[in-house]
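Worksheet: the structure to be examined is printed underneath.
Values in this text are rule-based calculations from the coordinates and carry no lab data. Since the model is a prediction, treat every value here as computed from it, not as a measurement. Cβ atoms come from the backbone with ideal geometry, glycine included; neighbour counts cover every protein chain shown.
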Amino acid sequence: MFGPKSILGVDLGSGGIKLIELHQQKHRPVLFTYGYTTGSQDMQKVTEVSQINSRGTGGLIAVSESEIKEADSLKMETLAYSAENVDKYAYALKTVYKDARCKAKSAVVSLPVSAVFHSIVTMPKVAKKEEFNSILRAEIQKLLPRPMDELSLDYQILPGPADSKSQRVLVNAVSRALVAFYTKVFQKVGIRLEALEPESTALGRALVGRDQSISMIVDIGAQRTNFFIIDEAIPITHHSIEMGGNRISGILKNILQIDSSLVEQIKFDMSAFLETARNKVLSREKFIEILMPVVDPIVKEIEYSFGLYLSQAGNENRRPEKIVLTGGAAMLPFVDEYIAQKFQMKCYVGDPWARVVYQDGLKPVLHQIGSRMAVCIGLALRNML
């Protein structure tokens, strides 16, 4: 009862389960324990049936709206969120929880980008709460490809001029079926689900903090790469492409002619080797050329996202200041330098541990896994900063 506040951050991404437990001591977040699985999982497939983003409303989906309409989405969700899948994820989560010797009984959990509808709504300023809710729901309904009663909504009023007659509202919506699925999984494990947050919110908290400038977080996951524009410490836009660490693994496997089970270790060893022997064995240009099938789509998406955002009214004369890389493949050498040179701005691999207190002896290990743990660190930092 009188011990330190503790919270779990849990990321159920396609690259496996990642969790971290932080304790708040003397108003500072302190690392207690962490754990993760090394194998991939099909959480991405579980959430695909509820994907509701579109390019016009701030995101990109892996399946088209017409494909969703053609399928019996109700039956698909029933299958995806079945008792069998609940048991499967509960067992995996419970195993990691026990192996890491966690003690926290409440958790903040990430929502995959592909499962979250994300949009900014402009509406008139009104004094009454009831009128605000009515207008907001009416505006959102115009954008949603699914009925309002099938979704859970969350919104945030964005800062703006005090004398303006209009206001901007950031809206996130997610399938109620997905929320129920997460709830059942955590109930089965015996952990209270304190909150569900989009990955963008967690990454912004861990990697950008309260920085008010325009920046972009590029999260290179196992299957997808996500792009988040952060403005005044708020994730404003996100886009996603089907390109990630698995594609890099495939390239290295073909070049080196090695077994798939060795690729991940090779990726880490190569990064460490090239960082200490730059331009002696394998030049920067040659390494980037090898990874160009992956790097080029990422660069084009960064350019597209910045161009679209800066063309909006009020943003024409503003300039982004930095690009922050994260995700399992972000540690590959030369990639940050290549992107920095391409856009003539600061680009670096973010350090999600920067706001967390931990033992100095853990630094080498934590540095190695930092990029893949960024989401769950940001989740655990909720209400601690």
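Just a few scattered comments:
- Whole-angstrom Cα spans of the range 117-159 along principal axes, big to small: 29, 21, 16
- For the pair K125 and I369, a Förster radius of 30 Å applied to the C-beta separation gives a FRET efficiency near 0.05, rounded to the nearest 0.05.
- Per-residue ³J(HN,Hα) for the range 314-322, Karplus 6.51 cos²θ - 1.76 cosθ + 1.60, θ = phi - 60°, Hz, x for Gly and Pro: x, 10, 4, 9, 8, 9, x, 10, 7
- Long-range amide H partners of Q25 with built H, under 5 Å: V30
- Estimated FRET transfer efficiency (I135, D211; beta-carbon r; R0 30 Å; 0.05): 0.40
- Relative packing of peptides 230-239, 301-310 - highest average C-beta neighbours within 10 Å first: 230-239, 301-310
- In sequence order, the range 150-165 has phi-based couplings of 8, 10, 9, 10, 9, 9, 9, 6, 7, x, x, x, 5, 8, 6, 8 Hz under the Karplus curve 6.51 cos²θ - 1.76 cosθ + 1.60, θ = phi - 60°, and Gly or Pro positions carry x.
- Note that the range 136-235 shows a convex hull volume over its alpha carbon atoms of 150 Å³ per residue.
- Members of K129/K184; K253/K300; K105/K184; K26/K188; K253/K363 lying beyond 23 Å, as alpha-carbon distances in this model show: K129/K184; K253/K300; K26/K188; K253/K363
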